[in-house]
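S.K.: Below is one structure. I have some questions about it.
The values are calculated or read from the model by the stated rules, or taken from the named source; none is laboratory data. Values in this document were obtained by computation on a predicted structure and should not be read as measured data. Ideal geometry is used to build each Cβ from the backbone, glycine not excepted, and the neighbour counts take in all protein chains shown.
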Amino acid sequence: MRHKALIATLGTTLISTLAQASLIQNGGFESPTLNMNTFSANLNVPGWGTIPGAFNGSVGSIWPSAIEGSQFADIGNAIGPIVSQTFSVASGGMYSLKWSENTGYYGNNTAGNSPYLVTVTGSSGTVFSQTLDAYNYGVWENLTQSLSLATGAYTLSFAPQGVYGGYDSLIDAVSISAPDHTSTAGALGCSVVALGFASRRLRRSLPA
């Protein structure tokens, strides 16, 4: 049974490493799971705390579907709420902050306005801060920002900067990872394949 325990341990380590690729927990706002095609306001979301709202699936004609998974966050429109998450960096270096933005779309070509503020702060101050407009005529836009992060704790925040009754800013697919994390995941994938070969060899060489 020793070879089975060894393979199980190696497999668990690989899965854990993959799960830690992004420093952000629940970046797709998939938890908690909402009923299909519904909206929930003032929702307590793991990793983010209480947020103004979240959608599952397609809710009415003006709201989009998620770009990742089946759910996405509604951070509101007027200044007030802040949707944030604290994360830790164990190894300093360059990281990529990625997220997707959108709003509801009313089926015309009139430009809307859905400003929101994105910030990353640490113990030494603000690392990144920018006001953006989430209005994209109902189409998700993918955004990427490079961050130079030292070892320590940081807070990522999304805060609406519009007015009450304006367009709600929608956020999905949030992640912070090392730029080479994709290649790392590929290497781990090859390791998983190698584990299969190792398992067969161990079964031949080790007693049960």
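S.K.: Mind listing just one residue for me: the one in region 153-174 that is of a type outside the set (A, V, I, L, M, F, W, C) and outside any strand (DSSP E or B) and, of those, modelled with the lowest pLDDT? Spell out the reasoning first.
M.R.: Looking only at region 153-174, we keep the residues that are of a type outside the set (A, V, I, L, M, F, W, C), and these are 154-155, 157, 160-162, 164-169, 172.
Of the ones still in play, those that are also outside any strand (DSSP E or B) are 161, 164-168.
Values: Q161: 95, Y164: 85, G165: 81, G166: 84, Y167: 89, D168: 93.
Of everything passing the filter in region 153-174, G165 is modelled with the lowest pLDDT.
S.K.: Restricting attention to region 42-62, does a residue exist that is at pLDDT 95 or above, exposed (fewer than 13 other Cβ atoms within 10 Å of the Cβ) and aliphatic (A, V, I, L, M)?
M.R.: no
S.K.: I'd like to know if region 102-113 contains one or more residues that are closer than 18 Å to L23 by Cβ, surrounded by 12 or more Cβ atoms within 10 Å (Cβ to Cβ) and out of contact with any helix residue (DSSP H, G or I) (no Cβ under 7 Å at 6 or more places or on another chain). Step through it out loud before you land on a result.
M.R.: Residues of region 102-113 that are closer than 18 Å to L23 by Cβ, as a first pass: none.
No - not one qualifying residue is present in region 102-113.
S.K.: For region 135-152, give me the residue count where each residue is touching a strand residue (DSSP E or B) at 6+ places or on another chain (Cβ under 8 Å) and modelled with pLDDT under 95. Walk me through it before giving the result.
M.R.: Our first condition is that a residue be touching a strand residue (DSSP E or B) at 6+ places or on another chain (Cβ under 8 Å); within region 135-152, this holds for 136, 138-152.
Those left that are additionally modelled with pLDDT under 95: 136, 138-139.
Within region 135-152, residues that are touching a strand residue (DSSP E or B) at 6+ places or on another chain (Cβ under 8 Å) and modelled with pLDDT under 95 number 3.
S.K.: Outside any strand (DSSP E or B), without any contact (Cβ under 8 Å) to a residue 60 or more places away in the chain, touching a strand residue (DSSP E or B) at 6+ places or on another chain (Cβ under 9 Å) and under 30 Å from S61 (Cβ atoms): does that describe Y116?
M.R.: Details: outside any strand (DSSP E or B): no; without any contact (Cβ under 8 Å) to a residue 60 or more places away in the chain: yes; touching a strand residue (DSSP E or B) at 6+ places or on another chain (Cβ under 9 Å): yes; under 30 Å from S61 (Cβ atoms): yes.
No, not satisfied.
S.K.: Here are F55, F39, F29: which of them is of a type outside the set (A, V, I, L, M), outside any helix (DSSP H, G or I), within 12 Å of the chain's Cα centre (by Cα) and closer than 18 Å to D168 by Cα? Can you show your working first?
M.R.: On the way: F55 fails: within 12 Å of the chain's Cα centre (by Cα); F39 fails: within 12 Å of the chain's Cα centre (by Cα).
When all the criteria are applied, what remains is F29.
S.K.: Could you please tell me which pairs satisfy a Cβ distance under 7 Å, a separation of 6+ or placement on different chains, a first residue in region 71-82 that is over 21 Å from V59 (Cα atoms), and a second residue that is β-branched (V, I, T) and modelled with pLDDT under 95?
M.R.: A78/V163
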